[in-house]
Amino acid sequence: MIRITAAEQLIIFGRYIGQQVVIRSFLSGEESVGILKGIRQDGLLVSIDDVNRWIPLNDNFRVSDIRLLLKPLKKLTSSIIDTANSLPVQAFITPYYQQLGFDMPVFVAPDHIANCKYVHELGLADYRSADEILAFDNQALVRV
């Protein structure tokens, strides 16, 4: 897997504000689902159960694993594609797909090794739905 810095992760996450994220705590092992609300130079603002929390992102110390809950491009429908193709400027298509929660190739910086890779390939996205994650967590609790 391609290793990218926390600052580079923030660039990628910044394009998906408003999307769902899953956060797995390295301390407790629990997974929570929330909405990505914003970014700053050292973390992500995530709303979990209507409570805003800053999740730190640091290259030297990680307290959690954060992944966007995205859809693969193979789930694009013809109506979404038609709408995208009718946008007034072709450069709007990628942000439109990102706003709808589709995994898109990233651009980090010129000649960066992560360019043209999908968010999922970089280990920053999960293709499961929030319901699938919560159902899996509930099954794990029942087994314990």
Treat every Asp and Glu Cβ in the chain as -1 and every Lys and Arg Cβ as +1, leave all other atoms uncharged, and give the resulting dipole magnitude about the Cα centre to the nearest 20 debye.
140 debye
Report the longest stretch of the chain that contains none of the chymotrypsin sites (Phe, Trp or Tyr not before Pro) sitting in a DSSP loop with at most 10 other Cβ atoms within 10 Å.
62-144
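Which value in Å does the Kirkwood hydrodynamic radius of the range 1-108 take, with 1/r averaged over all unlike C-alpha pairs and then inverted?
15.1 Å
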Per 10 Å bin, what is the whole-percent P(r) computed from every C-alpha pair distance within the range 57-144?
14, 34, 32, 15, 5, 0
Using θ = phi - 60° and the Karplus relation 6.51 cos²θ - 1.76 cosθ + 1.60, list the HN-Hα couplings for the range 70-82 in order, rounded to whole Hz, with x at every Gly or Pro.
10, 10, x, 4, 5, 8, 5, 9, 5, 5, 5, 5, 4
If the cut-off is 15 Å between C-alpha atoms, which aspartates and glutamates fall inside it for Lys37, apart from same-chain ones fewer than 8 positions away?
Asp49, Asp50
Once ligands and nucleic acids are excluded and a 1.4 Å probe is used, how much of Asp131 is accessible, expressed in Å² to the nearest 10?
120 Å²
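Over the chain, what is the relative contact order in percent, taking alpha-carbon pairs closer than 8 angstrom and at least six residues apart? Numbers along the way, then the final one.
Values: 219 pairs, mean separation 34.5, N = 144.
The normalised contact order for the chain reaches 24 percent.
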Stretchable slack from Ala84 to Asp49, in nm (0.36 nm times residue separation minus alpha-carbon distance):
9.4 nm
Under 12 Å between alpha carbons, and skipping anything fewer than 8 positions from Lys71 in its own chain: which aspartates and glutamates qualify?
Asp103, Asp126
How much mean residue ellipticity at 222 nm does the chain get from its helices, if each DSSP H run of length 4 or more adds -39500 (n - 2.57) and you divide by all residues, to the nearest 500 deg cm²/dmol?
-7500 deg cm²/dmol
For the range 31-93, which trypsin sites (Lys or Arg not before Pro) pass both filters: DSSP loop (anything but H, G, I, E, B) and at most 16 other C-beta atoms within 10 Å?
Arg62
Measuring from the longest principal axis of the C-alpha atoms of the chain, the long axis of helix 130-143 (C-alpha) lies at a number of degrees, nearest 10, equal to 20 degrees
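The values are calculated or read from the model by the stated rules, or taken from the named source; none is laboratory data. What you see is a predicted model; the values in this text were computed from it and never measured. Using ideal geometry, Cβ is built from the backbone for each residue, glycine included, and neighbour counts are taken over all protein chains shown. These area figures cover heavy atoms from the full protein model, side chains too; ligands, DNA and RNA do not enter into them. Shrake-Rupley method; radii C 1.70, N 1.55, O 1.52, S 1.80 Å.
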